[in-house]
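Everything below concerns the one structure shown next.
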Amino acid sequence: MKTTFALAAALLASSVPAAHASSDDAWSGFQAEVAKACVTAAKGLIENGKALVDPFGSESYGLAVVSGKAVGAKVTISTLCAFDKKTRKAEIGGEISADKLAVKTGK
């Protein structure tokens, strides 16, 4: 019975989301890292991009939308970005026009 209780307690403790275990400073640092990596990854698509970062991302990825002026054009576009939490590398999707996705980054 003790073993069953200990196992159940261990499973319950391991299922608590990471958001509760991490500090605000750690999440802020994570968000800054995701923003920087995503803006850098989008440089070939977006000039002077600004990132709107999901505060926590998914279990495996930091997630963001990068928006700004399209390279070589006079239109605003956005792209989705996934930042792999293990490899620390960001990948972007294709361009999304401003009439399809409007993002306000506050900056």
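A short reminder: the numbers here are calculations on the coordinates, not readings from a lab. All values derive from a computational prediction rather than experimental measurement. Cβ coordinates were reconstructed from backbone atoms using ideal geometry, including for glycine residues, and neighbour counts include every protein chain displayed.
Take the Cα of residue 86, step 7 Å toward its Cβ, do the same at residue 25, and the gap between the two points is 2.9 nm. Taking each residue as 0.36 nm, the span from residue 74 to residue 58 lengthens on full extension beyond its C-alpha to C-alpha distance by 2.4 nm.
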